């Protein structure tokens, strides 16, 4: 589903990813971990084409996205559900409207949008808060709205950037069980986190990134 | 109601003060543009009404035969630009002169042994043909006819009218285009501000897979609504301004009572507003890169 081949990326001359290669199989729930600044968010941004690599190739579902046309980028992103680290919720829209946005962008009709949004909110336990605005929700609830928005359109790939950052362990466990449920339905999920408790003893694939060196960025794959 | 319409109306309401300012500014721009266009239309109307009194005089030679006169008359009557033809014999011309001089100056003609005045044709032209070029061409062709001595027409008057109308038309159209561009610029500035204010939201939409048109649509609708409302305000202002102008000045200068704002022009203002608004919005947003 995701394949990085010798990918390099730098910011203002500072190499962040150097000759990085790894791949995530279809239907997997995998973790991407490493210290802050190692390049976890950069990897996710490269996947949904918010950034382009300087060298190497990135394949999403078999397609090399390095040569994707600008007009095709929205279609690539529609195949991906993204849980942003900074949530990116629209504060002037209700919970319902925020989740519905992902479906409206995909051109679904209003009746289907309503049914799907309510079903997804029920899944993340926020159906009763559909008319609330994000600022009236707790951090954990906002996180679940972002997850609902990412999964509502049933994308083939879900990327989550620090989905449990700043959450208490109980809420984090609830969010992880949501991801497992979504993964059980067939979606491929890649979670970037430095929270060891999320992947420790989970039995899932973990990609551990060590910062770029002259020898290249080291990705160590392990089964936890 | 579609998502885009709902978003556009909601955004218009949320930023109501800046949008109101934009509407009013566009209204002022469109109002002034409409006045410029009305000046062009009215100057043409006044100019075309004046030459209805315009005539062309064909003086005949003293030795012109009845056959020559008949030929000239037939030629004039079959000519498109000619509205009417009146033959004035030399006797009639003298009689007219005497009548014009009246008793007070009748002594001026007492010493005449013979009638020195020439017979002529007084030719009235259709207003659509009263243009320097067409009148000059007609005069030139008449001069070549047998029996014609000379052809007189108000060349200076005609040239002046044409120049004035031409100048008013050019200046008015340039002003109209400039003010319309100003209306587009006002919408451009307003939408640009709104676009910057929503830049985070737009970024999120793009990351969620929105196409450029999905992002642009609400802004285009906002521009269209702003332009439409500005156009309506400009139309109302046009009617009001003309009423005030004509009631104040029309009485003093009767010629000005012919002035009016064409209803089609007023009806076109909201349409022009919508187009200007959408153009401004489109330029403001530009190309939305994913």
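Worth a mention:
- Leading residue by the ranking (farthest from residue A:122 (Cα to Cα)) among those in the stretch A:61-70 that are more than 8 Å from chain B (Cβ to nearest Cβ) and surrounded by fewer than 18 Cβ atoms within 10 Å (Cβ to Cβ): A:67
- Top-ranked residue of the stretch A:102-112 - restricted to ones that are assigned to a helix (DSSP H, G or I) and over 22 Å from the mean Cα position of the chain (by Cα), ranked as nearest to the other protein chains (Cβ to nearest Cβ): A:110
- The single condition among (1) in contact with a helix residue (DSSP H, G or I) (Cβ under 9 Å, 6 or more places away or on another chain); (2) free of Cβ contacts under 8 Å to residues at least 60 places away in the same chain; (3) farther than 23 Å from residue B:290 by Cβ; (4) assigned to a helix (DSSP H, G or I) that residue A:115 does not satisfy is (1).
- For the residues A:99, A:145, the requirement of being within 12 Å of chain B (Cβ to nearest Cβ) and touching a helix residue (DSSP H, G or I) at 6+ places or on another chain (Cβ under 7 Å) singles out A:99.
- Residue identified as at pLDDT 90 or above, part of a strand (DSSP E or B), within 18 Å of residue A:210 (Cβ to Cβ) and in contact with a helix residue (DSSP H, G or I) (Cβ under 8 Å, 6 or more places away or on another chain) among A:7, A:16: A:7
- For the criterion of being under 18 Å from residue B:207 (Cα atoms) and touching a helix residue (DSSP H, G or I) at 6+ places or on another chain (Cβ under 7 Å), residue A:57 fails.
- Check on residue A:27, in contact with a strand residue (DSSP E or B) (Cβ under 7 Å, 6 or more places away or on another chain) and more than 21 Å from residue A:206 (Cβ to Cβ): no
- Among the residues examined, residue A:42 qualifies as more than 10 Å from chain B (Cβ to nearest Cβ), out of contact with any helix residue (DSSP H, G or I) (no Cβ under 9 Å at 6 or more places or on another chain), under 30 Å from residue A:167 (Cα atoms) and free of Cβ contacts under 8 Å to residues at least 60 places away in the same chain.
- Residue within the stretch B:257-279 that is out of contact with any helix residue (DSSP H, G or I) (no Cβ under 9 Å at 6 or more places or on another chain), more than 28 Å from residue A:76 (Cα to Cα) and not in a helix (DSSP H, G or I) present: no
- In the stretch A:74-87, the condition of being in a helix (DSSP H, G or I), facing chain B (nearest Cβ under 8 Å) and surrounded by fewer than 17 Cβ atoms within 10 Å (Cβ to Cβ) is met by at least one residue.
- Sole exception among (1) part of a helix (DSSP H, G or I); (2) at pLDDT below 80 for residue B:103, by number: (1)
- Output for the stretch B:203-228, where each listed residue is farther than 15 Å from residue B:281 by Cα and either more than 8 Å from chain A (Cβ to nearest Cβ) or out of contact with any strand residue (DSSP E or B) (no Cβ under 9 Å at 6 or more places or on another chain) (or both): B:203, B:204, B:205, B:206, B:210, B:211
- Looking across B:16, B:6, one residue alone is within 14 Å of chain A (Cβ to nearest Cβ), out of contact with any strand residue (DSSP E or B) (no Cβ under 6 Å at 6 or more places or on another chain) and within 30 Å of residue A:92 (Cβ to Cβ). It is B:6.
- All of A:56, A:81 fail the test of being on the phi > 0 side of the Ramachandran plot, touching a strand residue (DSSP E or B) at 6+ places or on another chain (Cβ under 6 Å) and modelled with pLDDT of 90 or more, apart from A:56.
- In the stretch A:207-224 there is at least one residue matching the filter, namely being in contact with a helix residue (DSSP H, G or I) (Cβ under 8 Å, 6 or more places away or on another chain) and modelled with pLDDT under 60.
- Residue within the stretch B:184-195 that is in contact (Cβ under 8 Å) with a residue 12 or more places away in the chain, on the phi < 0 side of the Ramachandran plot, part of a helix (DSSP H, G or I) and within 14 Å of chain A (Cβ to nearest Cβ) present: yes
- Residue within the stretch A:160-170 that is farther than 29 Å from residue A:92 by Cβ and surrounded by fewer than 20 Cβ atoms within 10 Å (Cβ to Cβ) present: yes
Here is a yes/no grid of residues against (1) without any contact (Cβ under 8 Å) to a residue 60 or more places away in the chain; (2) part of a helix (DSSP H, G or I); (3) within 14 Å of another protein chain (Cβ to nearest Cβ); (4) touching a helix residue (DSSP H, G or I) at 6+ places or on another chain (Cβ under 7 Å):
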{"site": "B:21", "(1), (2), (3), (4)": "no, yes, no, no"}
{"site": "B:38", "(1), (2), (3), (4)": "no, yes, no, yes"}
{"site": "B:75", "(1), (2), (3), (4)": "no, yes, no, no"}
{"site": "B:95", "(1), (2), (3), (4)": "yes, yes, no, no"}
{"site": "B:114", "(1), (2), (3), (4)": "yes, no, no, no"}
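- Qualifying residue in the stretch B:80-91 (condition: loosely packed, with under 15 Cβ neighbours inside 10 Å, within 14 Å of chain A (Cβ to nearest Cβ) and either assigned to a helix (DSSP H, G or I) or without any contact (Cβ under 8 Å) to a residue 24 or more places away in the chain (or both)): no
- Restricting attention to the stretch B:202-221, the residues that are surrounded by fewer than 22 Cβ atoms within 10 Å (Cβ to Cβ) and in a loop (DSSP other than H, G, I, E, B) add up to 1.
- Verdict on residue B:120 being over 32 Å from the mean Cα position of the chain (by Cα) and either over 30 Å from residue B:5 (Cβ atoms) or within 14 Å of chain A (Cβ to nearest Cβ) (or both): yes
The values are calculated or read from the model by the stated rules, or taken from the named source; none is laboratory data. It should be emphasised that the depicted structure is a prediction, and the values quoted were computed from it without experimental measurement. So basically every Cβ, Gly included, is an ideal-geometry build from the backbone, and we count neighbours across all protein chains shown.
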